[in-house]
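The values are calculated or read from the model by the stated rules, or taken from the named source; none is laboratory data. What you see is a predicted model; the values in this text were computed from it and never measured. All Cβ positions, even for glycine, are placed from backbone atoms using ideal geometry, and neighbour counts span all protein chains on display. Note: accessible area is taken over every heavy atom of the protein model, side chains too, but ligands, DNA and RNA are not part of it. Shrake-Rupley method; radii C 1.70, N 1.55, O 1.52, S 1.80 Å.
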Amino acid sequence: MELGLVGAPECGDVMKLQIQVNPETNEDAKFKTYGCGSAIASSSLLTEWVKGRHLDDAEQIKNTEIAEELALPPVKIHCSVLAEDAIKAAIHNYKSRKKIDV
Amino acid sequence: MNNKMKRIIGIDLGTTNSLSATVFDEGPEVIGTDGDFSVTPSVLSWTGSGWLVGQEARERRITNPENTVYSIKRLMGRSLDELSETVQDLPYQIVEAQRQLVKVRIGESKPYKEFTPQELSAEILKKVKQRAEEALGESVEKAVITVPAYFDDAQRQATRDACRIAGLEVARFINEPTAAAIAYGLDEKRDLQKDGHVVVYDLGGGTFDISILKLSGKIFKVVATHGNTQLGGDDFDQVVVETLKDRIHQEHPEAEFDDPESKHILKKTAEFIKIKLSFSPETDYSLDFSKKSMSFSGVFKLEEFESLIAPMIEQTLESCRHVLREANLSVKKIDEVVLVGGSTVIPAVRKQIESFFGRPPHVAIDPYKVVAIGAGIQGHLLAGGRRDFLLLDVIPLALGIETLGGTFSKIITGNTTIPIEESETFTTNVDNQTSIDVNIFQGERELIKDCRALGQFKLRGIPPMKAGLPLVEVMFRVDANGILTVSAIEKRSGKKAEIEVIPFHGLTQFEIERIMEDSFEHAVDDFNERQLIEFRQTAERVFRGIEQCWDVAENDLSETSRDEIQKQMDVVRQSMKGQDSQALKTQLDVLGDLTRPLADNSMGRSILSELQDDANLNQ
Amino acid sequence: MTFEQPACQKCESTLISHLFCLSCNAFQTVPPEIDYFEVLGFPVCFEINSEDLEERYKSLSLVLHPDFFAAAPEEEKRLSEKASAMLNTAYNSFRGTTSRAGYLLSLFSKGKNLNERTLPDGFLQEMFFLQESLDELLESSDSSALNKMNEDLRTRHKEIESYYAPLFKNFKDLPEDSDILQQLQTHLNAERYLRRLLDRIPATD
């Protein structure tokens, strides 16, 4: 179980993403987001996308893809950034912990 | 008023009653000639070829229920879905038309007559305009129209369309509580604190508004507003109606009340009970369903009424809490509380407000008139009659657009002072895309399903470019009337994108023009017919009045005078059978002259004024 | 940054607001990127006395508002509406301490490469924790605990807002020091997370 905790300073939204990695693949992903509708939609879309994906793959997800899929207007682009940040943070945490473990 | 300045009157277009006001040399006052009750009930009745409006229509609620329409304001700019609860209570038929628009259907079988709420509202406006013109002796072209503060853009647009159809130019829309604040704040006779925070609690026939204003040096600045456009005295009536039905069912389990006549009788009785209970701890009532040959009577207790309406009063207090929070003020910071709207006459409402705000509310200006008077004062300002005060109002609810996933992105936040402009940049998703669809919503919630769809904007004529390259700046402009307009420009090419507005719940320009042409064609025929019906009803009223004070006549008038009156009554009866409205009017005038001594007598006067006692508790 | 006194395009009197000449009552042609200080006629400075702001807003509204141009030609009506809208936007932005600080920071940080996402250490974790605690409090409807939380958050919010003025003052003396702007950015970011929490607490009497 790995955590990614991120925030969007543009609006004060916070998001916690949990991923279950086994061994190099995201088996499951859950999120908890305190924020606006766009932030929740972005988080939700992100968890759908990362499930079953290889870590290296999931790491490549770009906020622009999320923004495009949800057709976010310019004022809400930061919500997709939040989601991208979350998966990056979670994977980063996982990888750095593994290094320590090894 | 100087000659160059064209008068702009104020009109309070209410759910139950409508009236106009203006500034006379002596000061602001409701428009209406002496002895002529200046309120026009917001009721219409279809005669087969045209509408009767006001008092005459109101009298036909029982005799002609299926053709008599009231509470139209509740339908303005709404869709059938949103109205499902309201519709059940109304005795007339409402059907869905194009683009979620509703129409009122008249007639029991085909061919039906169908009318949009805008057309019906226009009929009321025409009547108010006509009465104002008669009283002022001059034509009226422009008006300040009041709307509930919590009316959204669709409801305002619908009201504006009604004005267009009625041939009235809207000089300005102002919010009802704000209008009331102006009337209070500028009343020289009143010792209202000149600077400070004023709460206006406005509970009318069909709408509730709460506004907090900051008064300082003749500037009336609305700080925050909240409300409910589907809550008012009508709902108080409805809970009483439900109780009455339950009681009747206990004696007559088979009884059904879905026919228009029963609905009208129940509604009228509920109104009667509500009014009586404002003055006494209990009241008798009786219902006479003549078509069913069933009657029913009983006693209604004040405590029962109060417990029935308590949840609705609590709803209004919830709005009070909300608006205080929006304004970032505590109850202690409120300097005055002003009550507006007929439903604030109810003692339970007053008690609750007093205990909530911890101070007795102001009620000195007639709560029925105060909104119209405020609008009249604002009209005077717009006409150039004075410029020593200023009203700064707000947009009640946020405006924004739909983003995929059904979320709502606010572009202009609620409670922003108007006029206001905000822009937002859009781009394309596909190469060479030349148009973008934007859905406009209004509301305070996160998801568009909880907000109101105002319309769809199609941005066309975007120069073909790679996806993401065009920068289409869309400008949202809310004018001082609280009405939204949208324009767009592609910034890279400087090309103006065309915007086509497809209003939901609203009329297109073409539809408005068609309605106006139609009504012009029928105008002449309708006019004679309408007058005939109006005069016939006036005659009936006069007859009733004479009958009621005949005792007085026997004491006060000579036998010859009494004979003359009797003879003239016969002449009028004959005229009533004819088709010549002017002849009937002439004979009625003669009768009026003959009975003048009766009307001048104090007893007679009180009876004649009884005739107008139908004036309602709601506004 | 210096405060330039502009002149009316018509009568050349000194303007207070760039929008309108109070001497000859003429609307001015203004570029769309005119800043809020120019709209309101204040020198570029964080500290604006709230009474001065109210007074200025009132006196400008009393000459610009569309209500006073109801009978004027269309062009003038449009100018009045446009100018009033600009005035309203500027006034709304300046009324709030944080929104004024944010606006001024955006002017100062043009061309400087600020990191827009900085937060105090451990702040994000704490915010998430507070959000979760708030969830529990809202569910339990423990009003005294909720009030306590409300007060604590308000105190912290006030504290953050009290940091702006001294930092802007420092920046005035050391206009080359981007670090001061970065600190301001950090406080402004933190403020938003706190406001998010406060917005979730329902109104009480």
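Going through the stretch B:303-330 one residue at a time, which ones are over 21 Å from B:Phe220 (Cβ atoms) and hydrophobic (A, V, I, L, M, F, W, C)? Hits for the stretch B:303-330 are B:Phe305, B:Leu308, B:Ile309, B:Ala310, B:Met312, B:Ile313, B:Leu317.
Each residue in the stretch C:28-51 was checked for being open to solvent by less than 30 Å² (accessible area, probe 1.4 Å), over 20 Å from C:Glu76 (Cβ atoms) and outside any loop (DSSP other than H, G, I, E, B), and 2 of them qualify.
Of the numbered conditions (1) at pLDDT below 95; (2) more than 10 Å from every other protein chain (Cβ to nearest Cβ); (3) open to solvent by 20 Å² or more (accessible area, probe 1.4 Å); (4) at negative phi, C:Glu54 fails exactly one; give the number of that condition. C:Glu54 satisfies all of (1) at pLDDT below 95; (2) more than 10 Å from every other protein chain (Cβ to nearest Cβ); (3) open to solvent by 20 Å² or more (accessible area, probe 1.4 Å); (4) at negative phi except (2). Screening B:Arg562 with (1) in contact with an Asp or Glu (Cβ under 8 Å, 6 or more places away or on another chain); (2) open to solvent by 80 Å² or more (accessible area, probe 1.4 Å) gives one miss only, at (2).
Screening C:Ala101, C:Ala71, C:Ala83, C:Ala26 for residues that are closer than 30 Å to B:Ile9 by Cα and touching a residue at least 60 places away in the same chain (Cβ under 8 Å) leaves exactly one candidate, C:Ala83. Any idea which residue in the stretch C:173-195 is surrounded by the fewest Cβ atoms within 10 Å (Cβ to Cβ), counting only those that are in a helix (DSSP H, G or I) and free of Cβ contacts under 8 Å to residues at least 24 places away in the same chain? Within the stretch C:173-195, the match that is surrounded by the fewest Cβ atoms within 10 Å (Cβ to Cβ) is C:Asp173. Scanning the stretch B:20-66 for residues that are part of a loop (DSSP other than H, G, I, E, B), at pLDDT 85 or above and hydrophobic (A, V, I, L, M, F, W, C) yields B:Ile31, B:Val39. Out of curiosity, is B:Ser84 open to solvent by 20 Å² or more (accessible area, probe 1.4 Å), hydroxyl-bearing (Ser, Thr, Tyr) and closer than 24 Å to B:Lys267 by Cα? Spelling it out, B:Ser84 is indeed open to solvent by 20 Å² or more (accessible area, probe 1.4 Å), hydroxyl-bearing (Ser, Thr, Tyr) and closer than 24 Å to B:Lys267 by Cα. The set of residues in the stretch B:382-423 that are open to solvent by less than 30 Å² (accessible area, probe 1.4 Å), among the aliphatic types (A, V, I, L, M) and within 14 Å of chain A (Cβ to nearest Cβ) comprises B:Ala398, B:Leu399, B:Ile401, B:Ile411, B:Ile412. Residues that are surrounded by 15 or more Cβ atoms within 10 Å (Cβ to Cβ) and either assigned to a loop (DSSP other than H, G, I, E, B) or within 14 Å of another protein chain (Cβ to nearest Cβ) (or both) occur in the stretch B:278-293; there is at least one. Taken over the stretch C:98-137, residues that are open to solvent by 60 Å² or more (accessible area, probe 1.4 Å) and within 14 Å of another protein chain (Cβ to nearest Cβ) amount to 8.
Here are some residues: B:Val240, B:Val199. Which one is within 23 Å of B:Ser71 (Cα to Cα) and crowded, with 21+ Cβ neighbours inside 10 Å?
Values: B:Val199 fails: within 23 Å of B:Ser71 (Cα to Cα).
Result: B:Val240 is the single residue among B:Val240, B:Val199 that is within 23 Å of B:Ser71 (Cα to Cα) and crowded, with 21+ Cβ neighbours inside 10 Å.
For the stretch B:128-185, give me each residue that is part of a strand (DSSP E or B) and under 24 Å from B:Gln509 (Cα atoms). Correct list: B:Lys142, B:Ala143, B:Val144, B:Ile145, B:Thr146, B:Val147, B:Glu169, B:Val170, B:Ala171, B:Arg172, B:Phe173, B:Ile174. Sub-9 Å Cβ pairs linking a first residue in the stretch B:455-469 that is closer than 22 Å to A:Ala67 by Cβ to a second residue that is of a type in the set (Lys, Arg) and exposed (fewer than 15 other Cβ atoms within 10 Å of the Cβ), at least 6 apart or interchain, are B:Met465/B:Arg492; B:Leu469/B:Arg492, ordered by first then second residue. Among the residues of the stretch B:424-438, at least one is among the acidic types (Asp, Glu), outside any strand (DSSP E or B) and open to solvent by 20 Å² or more (accessible area, probe 1.4 Å).
Quick one: is C:Leu146 of a type in the set (A, V, I, L, M), part of a helix (DSSP H, G or I) and within 14 Å of chain A (Cβ to nearest Cβ)?
no
With respect to B:Glu314, determine if the residue is in contact (Cβ under 8 Å) with a residue 40 or more places away in the chain, surrounded by fewer than 20 Cβ atoms within 10 Å (Cβ to Cβ) and under 30 Å from C:Asn150 (Cα atoms). So B:Glu314 fails the test. Residues in the stretch B:107-127 that are outside any helix (DSSP H, G or I) and within 30 Å of B:Glu141 (Cα to Cα): B:Lys113, B:Glu114, B:Phe115, B:Thr116.
Every condition in (1) more than 13 Å from chain A (Cβ to nearest Cβ); (2) over 24 Å from C:Leu87 (Cα atoms); (3) under 29 Å from the mean Cα position of the chain (by Cα); (4) modelled with pLDDT of 85 or more is met by B:Phe441 except one, and the failing one is (1). Among the residues of the stretch C:57-67, just one is under 19 Å from the mean Cα position of the chain (by Cα) and without any contact (Cβ under 8 Å) to a residue 24 or more places away in the chain, namely C:Lys58. Note on the stretch B:219-237: among residues that are under 21 Å from the mean Cα position of the chain (by Cα) and open to solvent by 20 Å² or more (accessible area, probe 1.4 Å), the one that is nearest to B:Tyr285 (Cα to Cα) is B:Asp235. Scanning the stretch B:53-70 for residues that are aliphatic (A, V, I, L, M) and over 11 Å from B:Pro41 (Cβ atoms) returns B:Ile62, B:Val69. Give the residues of the stretch B:453-466 that are open to solvent by less than 30 Å² (accessible area, probe 1.4 Å) and either within 12 Å of chain A (Cβ to nearest Cβ) or under 21 Å from B:Gln98 (Cα atoms) (or both), sorted by residue number. Once the filter is applied, which keeps residues that are open to solvent by less than 30 Å² (accessible area, probe 1.4 Å) and either within 12 Å of chain A (Cβ to nearest Cβ) or under 21 Å from B:Gln98 (Cα atoms) (or both), the stretch B:453-466 yields B:Ala453, B:Leu454, B:Gly455, B:Phe457.
Of the residues screened, B:Ser581 is not one that is touching a Leu at 6+ places or on another chain (Cβ under 9 Å), modelled with pLDDT of 65 or more, surrounded by fewer than 17 Cβ atoms within 10 Å (Cβ to Cβ) and small (Gly, Ala, Ser). Restricting attention to the stretch B:420-449, the residues that are charged (D, E, K, R) and within 21 Å of B:Gly482 (Cβ to Cβ) total 5. On the basis of being under 19 Å from B:Lys351 (Cα atoms), open to solvent by less than 10 Å² (accessible area, probe 1.4 Å) and at pLDDT 90 or above, does B:Phe300 make the cut? It is false that B:Phe300 is under 19 Å from B:Lys351 (Cα atoms), open to solvent by less than 10 Å² (accessible area, probe 1.4 Å) and at pLDDT 90 or above.
Checking the stated criteria, B:Asp89 turns out to be touching a residue at least 60 places away in the same chain (Cβ under 8 Å) and open to solvent by 10 Å² or more (accessible area, probe 1.4 Å).
Of all residues in the stretch B:268-282, none satisfies being hydroxyl-bearing (Ser, Thr, Tyr), at pLDDT below 85 and over 15 Å from B:Leu308 (Cβ atoms).
Please tell me if A:Val6 is at pLDDT 90 or above, open to solvent by 10 Å² or more (accessible area, probe 1.4 Å) and within 12 Å of another protein chain (Cβ to nearest Cβ). Against the criterion (at pLDDT 90 or above, open to solvent by 10 Å² or more (accessible area, probe 1.4 Å) and within 12 Å of another protein chain (Cβ to nearest Cβ)), A:Val6 qualifies.
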